[in-house]
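In what follows, a structure is listed as structure tokens, so that the remarks can point back to it.
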Amino acid sequence: MKGFRHKPSEKKEEINWTKIGIVAVCVFIAVAMVISMLGYSWLNIFTQAKPGNTATVDFTFRDAQNRPIVTSILSVITQANSSDQIMFKAESMPVHVNVSSSDDLVPIQVVNPYSSDRVLQFGLFGPEVDMISAALDGMGVGQSKTITNPYASQMSRQMTIDQFKNISSESFADVRIGDQVPLAFIDQPEINLDNSTQTSYIRTATVTARDEGNITLNYGYPTIEVTLAQLSSN
């Protein structure tokens, strides 16, 4: 028929199944090698923390002014960028998931990143560690959570000038509301007011009130930021 042209049929390219098979095998081998190097720890990303697990936790305790007081995260200290602030660097902390602590004070080793590398003992209270332990239940590796300590505002102590001078090297006359004051705590959650040789643990407090003869310090930390870094079933 005039005007009609027959289009030549296009030759269909055959699929090279052999080549595809070789590529698939190579990919499988590469993935297997990566998994073998990681071991079984990579499976933790698919699991949730449950009672009986031991978790490795990164943490930051913040005071009512949102100042980081003690943290295991270096970037938190870098971002604060203030040598005038009393702040401590700790290592990641092992915590049993959803298991209450029987200790009133839980010591952790810390350093002051702005003054020296001397290792100090920082005192966490048992209830604070219990809050972390309970919050971990159901969390996955890499997950973060912010915990609010409802008792932080109650952790206050009013003292006289003489009592303050006995526990602090700070000058009473120079201390202002909002200032940080380092304190030493003994095995019970009480401020060490005597000169005994009992083991003490450092902790910081904030001046919340003062007059000519008395001062009120708050040593509670209302915000605890935690990240589940590792998880073990042991």
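I'd like the antiparallel share, as a percent to the nearest 5, of DSSP beta bridges with both residues in region 95-234.
On the way: 27 of 28 bridges.
In region 95-234, approximately 95 percent of DSSP beta bridges are antiparallel ones.
Highest mean first, how do 218-228, 175-185, 56-66 rank when packing is the count of other Cβ atoms within 10 Å averaged over residues?
Working: 218-228: 20.3, 175-185: 15.9, 56-66: 18.5.
The densest-packed peptide leads the list: 218-228, 56-66, 175-185.
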By average C-beta atoms within 10 angstrom, highest first, the peptides 164-172, 104-112 = 104-112, 164-172
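We did not get these values from a lab; they are worked out from the coordinates using the rules stated. The model shown is predicted, which means the values in this text are computed figures rather than measured ones. With ideal geometry, Cβ positions are generated from the backbone for all residues, glycine too; neighbour counts draw on all protein chains shown.
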